[in-house]
Amino acid sequence: MKLLYSQLKELLPGLKASPKEVGEKLTLAGLMLDGLSAVNYQGKSDWLLSLEVRQNRADCLGVLGLAKEVAAYYGLRFKLPVVRLPQPSQKKATAIRVEAKKQIKRARAYEMTGVTNRTSPAWLKEFLKLYGINSINLLVDLSNYVMLFTGFPSHLLDQDKMQGSLRWTMNKDFGSLTTLDGSVIKLNRDEIIIQDDQKILGLAGIVGGLAAAIDLKTHNVVAEMAIYDRVLVRRNARSLKITTEASVRLEKDLDPEGPNYALDLLISLIL
Amino acid sequence: MAEFNPSSIKTRAKTELDQTPSLAGLEEVARRYLGPQGLIRSFFKEIGQLPEKERKKRGASLNLLQQEITALAEARKKELSQGLSEKALRAEAEDLGFELPKIGHLHPITQTIRRLNQLFASLGYSILDGPEIESDEFCFRRLNIPPDHPSRDMQDTLYIKEPDFLLRTHTSSVETRGLANHRPPLKFVVPGRVYRNEKVNKSNHFIFHHYQGVAVLEKVSLKDLFGTIDYLFKNLYGPRVKVRYRNKYYPEVEPGVGPDMQCFNCQGKGCSLCKGVGWIEMGGAGIIHPNLLRMAGIDPKKWRGFAFGLGLDRWVMAKYKITDIRTLLGGNLAYQYYTNEKTL
């Protein structure tokens with residue numbers, strides 16, 4: 001997991017240690033520094049730390065988790081950036097149906113209407129590039145940004161391409177899924193998936209489908225974030241031979257309370 | 001009082017030792033430095049003339065110098081004895097009209113294992129062995145690595161019949177067998193070959209070697225673990241080696257420790273061997289997780305243990321300047337490296 005030094009200092013203004021020292025201390029604490037490179041970010045010279053996050057620290061697969069670790073080491077005060085959401089216009093809760101109740105620990109979703117998608121600003125493209133992620137469009141990029149920042153993956157769907165409500169189910173009906181990048185995956189009819197009333201929308205915790213993919217014309221968005229039974233996500237990913245940044249995180253025990261802050265952050269960035 | 005310059009003394013001693021052609025001459029030179037009327041002794045006698053705060057430091061330097069010159073003399077002695085016997089044999093062979101075939105030696109990994117075995121035997125450890133074709137039970141489950149657990153991803157296993165039969169990925173599989181088959185107090189080491197699904201290239205192979213150590217006693221602490229590992233490294237790499245211990249997660253230990261050795265190539269400054277880090281990862285260690293003891297039928301409230309597992313190949317390669325790991329498993333090694341042991 002990579003960490004940008006300037007972002008760390010933003011979260012921990014009291015931090016006086018140099019990037020090298022932070023790397024050394026994190027190494028001693030269990031997150032080994034396996035790369036430290038001088039980078040240019042937003043026109044300023046910066047440092048990118050690359051840390052080995054072993055299987056017991058899924059909380060450190062996000063910048064916030066790493067910042068908390070650094071704060072704990074140095075005894076600094078850590079404050080979560082404040083997120084303010086506008087009041088929802090509808091009192092009624094969005095219709096999402098969790099039918100695979102035993103396999104899902106937490107599911108949250110928001111509906112947003114009248115959103116304008118476009119290409120991402122330079123800072124976001126630059127940021128994602130540091131992590132080896134290509135920029136697609138603003139909405140998708142923000143979802144990736146929040147995943148890198150909080151450690152919680154999310155998924156955005158174009159509501160106009162959906163029929164009916166968003167449902168989490170155990171796959172019985174669908175034999176294949178066309179993923180976001182166009183490849184077709186054969187399914188075993190035992191995976192945990194997201195679907196609407198007609199078609200399959202994605203492999204839960206792993207990858208989204210092309211059917212409701214976000215493009216530049218998208219105006220109405222459903223944003224979902226969920227925590228699953230990690231064993232199931234791992235089994236599905238292994239048997240279908242897919243590994244994604246999302247699956248790597250959801251295969252481990254993530255905090256079911258995490259989507260409270262993380263999804264709200266994503267929504268506030270979009271709006 | 002003569003000026004004390006340990007590095008120039010050491011250089012002088014080495015030169016004199018190297019230039020001595022006979023064993024008798026060697027004894028003479030050694031006596032001049034190390035003997036009761038020797039140079040080092042004379043410096044010791046002069047310690048009383050130093051200001052109080054310098055005495056301890058001088059004493060330590062002298063002890064180190066003595067160790068180093070002793071090691072140099074031993075190495076030269078070995079060189080001379082081998083050289084003499086090989087030379088004599090060759091001369092005799094020539095007389096008889098044939099060419100002496102090149103004399104080989106034990107594989108450097110075998111040499112290292114034997115040396116470590118001797119070291120640990122003298123500490124009261126037994127040497128255990130176990131199967132290379134292993135079961136999921138002893139290779140993973142008994143090590144607190146359940147099926148479908150993310151910690152399974154820390155290694156890429158070669159299966160014979162998934163998921164039950166595989167080639168062991170670490171010598172820890174023999175640790176679990178040792179815990180199951182013997183009652184504490186226990187002290188054993190396990191040298192062995194291990195297998196992981198790795199792409200074969202200059203620095204990685206799917207076949208490599210581990211050295212495991214396990215101690216289960218009534219009382220054991222991290223200090224005992226660190227002391228044991230320090231002792232091991234000093235024996236392999238010389239008295240000046242620097243080791244650090246950092247937090248490192250492994251499911252089979254809690255707390256988990258990663259022993260790192262300071263890069264001998266750059267003394268910690270950073271170079272191509274240690275990828276700029278200055279420290280080299282040597283393996284894993286820690287206090288044995290109570291789950292392992294419980295699964296072996298050992299009461300974790302009465303017994304505590306430590307365990308360590310170190311990779312042997314890369315360090316044997318570094319020590320003998322072998323640059324390609326594939327050489328370790330080929331036949332070309334017989335004539336290509338030194339049999340004299342050079343401490344770092």
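Assign unit charges at the C-beta atoms only (+1 for Lys and Arg, -1 for Asp and Glu), then state the dipole size of the protein assembly as shown relative to its Cα centre in Debye, rounded to the nearest 20.
It works out to roughly 1360 debye.
Rounded to whole Å and sorted largest first, list the principal axis extents of the Cα atoms in chain B.
68, 67, 40
Cβ under 14 Å from B:LEU50's Cβ, B:LEU50 left aside: what net charge do those residues give with Lys, Arg +1 and Asp, Glu -1?
Net of charged neighbours comes to +2.
Principal axis extents for segment A:117-266, Cα atoms only, whole Å, descending order, please.
Taking the Cα atoms of segment A:117-266, the three principal extents are 42, 33, 28 Å.
Please give the peptides B:199-208, A:109-118, B:316-325 ranked by average Cβ packing (other Cβ atoms within 10 Å per residue), highest first, as a rough proxy for protection.
B:316-325, A:109-118, B:199-208
Over the whole of B:241-254, what's the average partner chain Cβ count within 10 Å per residue? Rounded to a whole number, please.
3
For a protection proxy built on the mean count of beta-carbon atoms within 10 angstrom, sort B:170-176, A:72-78, A:163-169 highest first, please.
B:170-176, A:163-169, A:72-78
Pairing the Cα long axis of helix B:172-181 with the longest principal axis of chain B, what angle in degrees results, from 0 to 90 and rounded to the nearest 10?
It works out to around 70 degrees.
In whole Å and largest first, what semi-axes does the C-alpha gyration tensor of segment B:261-309 yield when each eigenvalue is scaled by 5 and square-rooted?
So the equivalent ellipsoid measures 37, 8, 6 Å along its semi-axes.
When every alpha-carbon pair in segment A:33-114 is counted, what percent end up more than 20 Å apart?
65
At each listed q (0.13, 0.21 Å⁻¹), what is the log10 of I(q)/I(0) that the Debye formula gives for segment B:222-295 modelled as equal alpha-carbon point scatterers?
-0.43, -0.90
With no solvent and one equal point scatterer per Cα, compute the Debye intensity ratio I(q)/I(0) for segment B:6-91 at 0.13, 0.15, 0.26 Å⁻¹ and report its log10, rounded to two decimals.
Rounded to two decimals, the profile gives -0.48, -0.59, -1.24.
Compute the relative contact order of segment B:6-91 as a whole-number percentage, counting only Cα pairs closer than 8 Å that sit 6 or more residues apart in sequence.
Dividing the mean separation by the residue count of segment B:6-91 yields 37 percent.
When ligands, DNA and RNA are left out and all protein chains stay put, how many square angstrom of accessible area per residue does segment B:6-91 have with a 1.4 Å probe?
Using a 1.4 Å probe on heavy atoms only, each residue of segment B:6-91 averages 64 Å².
With charges only on Cβ, +1 for K and R and -1 for D and E, what is the dipole size of chain A about its Cα centre, in debye, rounded to 20?
Here the size comes out at about 360 debye.
Note the angle between two axes, namely the Cα long axis of helix B:23-34 and the longest principal axis of the Cα atoms of chain B, as a number of degrees from 0 to 90, rounded to the nearest 10.
That works out to roughly 90 degrees.
Grab the beta carbon distance between B:HIS105 and B:LEU158, set R0 = 45 Å, and tell me the FRET efficiency rounded to 0.05.
So, using R0 = 45 Å, E works out to roughly 0.90.
If the elastic network links every pair of Cα atoms under 10 Å, which of A:ASP141, A:ASP158, A:ASP34 fluctuates the most in the Gaussian network model of chain A?
Greatest mean-square fluctuation among the candidates belongs to A:ASP34.
Quick check for me: using +1 on Lys/Arg Cβ and -1 on Asp/Glu Cβ, what's the dipole size of segment B:84-153 about its Cα centre, in debye to the nearest 20?
320
Within a 10 angstrom radius of each residue's Cβ in A:55-62, how many Cβ atoms of other chains show up on average? Whole number is fine.
2
Which whole-number percentage describes the relative contact order of chain A, with Cα contacts under 8 Å and a sequence gap of 6 or more?
That works out to 20 percent.
When averaged across all projection directions, what area in nm² does the alpha-carbon convex hull of chain A cover?
With the hull built on Cα positions only, its mean projection is 14.4 nm².
Would you mind computing Rg(Cα) / (2.2 N^0.38 Å) for the protein assembly as shown, counting N as its residues?
Compared with the compact-globule rule of thumb, the protein assembly as shown sits at 1.22.
Quick check: net charge around A:GLU245, other residues with Cβ under 15 Å of its Cβ, Lys/Arg +1 and Asp/Glu -1?
Net local charge, A:GLU245 excluded: +1.
In Å², rounded to the nearest 100, what is the total accessible surface buried by chains A and B against each other with a 1.4 Å probe?
Buried area between the two chains comes out at roughly 1500 Å².
Can you give the convex hull volume per residue for the Cα atoms of segment B:69-208, as a whole number of Å³?
That works out to 206 Å³ per residue.
Given C-alpha coordinates of segment A:229-271, what is the ratio Rg to Rh with the Kirkwood estimate of Rh?
1.11
Other chains' Cβ within 10 Å of B:144-150 residues: what's the mean?
Mean number of neighbouring Cβ atoms from other chains: 4.
What are the ³J(HN,Hα) couplings of segment A:42-48, residue after residue, when phi is run through the Karplus curve with 6.51, -1.76, 1.60 and θ = phi - 60°? Round to Hz, x for glycine and proline.
Result, rounded to whole Hz: 6, x, 10, 6, 9, 10, 10.
Hey, any idea what Rg/Rh is for segment B:183-337, computing Rh the Kirkwood way over Cα pairs?
In segment B:183-337, Rg relative to Rh is 1.01.
Where both residues lie in the protein assembly as shown, what percent of DSSP beta bridges are antiparallel, nearest 5?
95
Go through chain B and flag any cysteine with no other cysteine's C-beta closer than 4.7 Å, please.
Those would be B:CYS139, since no other cysteine Cβ in chain B comes under 4.7 Å of theirs.
Which values, in whole Å and largest first, are the semi-axes of the equivalent ellipsoid of segment B:91-135 obtained as the square root of 5 times each eigenvalue of the Cα gyration tensor?
Equivalent-ellipsoid dimensions as semi-axes: 39, 16, 7 Å.
Along the charge dipole of segment B:6-91, pointing to its positive end and built from +1/-1 on Cβ of Lys, Arg, Asp and Glu, which listed residue (B:LEU17, B:GLY48, B:LEU80) has its Cα farthest out?
Looking along the dipole axis, the top candidate is B:GLY48.
Counting alpha carbon pairs within less than 8 Å and at least 6 residues apart, what relative contact order, in whole percent, applies to segment B:108-328?
Averaging sequence separation for qualifying contacts and normalising by length gives 21 percent for segment B:108-328.
How many lysine pairs in segment B:6-91, separated by 8 or more positions in sequence or lying on different chains, have Cα atoms less than 29 Å apart?
So the count works out to 19.
Going by Cα centres, segment B:190-265 and segment B:27-65 are how many Å apart?
Answer, in whole Å: 35.
The values are calculated or read from the model by the stated rules, or taken from the named source; none is laboratory data. Because the structure is predicted, anything quoted here is derived from the model rather than measured. With ideal geometry, Cβ positions are generated from the backbone for all residues, glycine too; neighbour counts draw on all protein chains shown. Note: accessible area is taken over every heavy atom of the protein model, side chains too, but ligands, DNA and RNA are not part of it. Shrake-Rupley method; radii C 1.70, N 1.55, O 1.52, S 1.80 Å.
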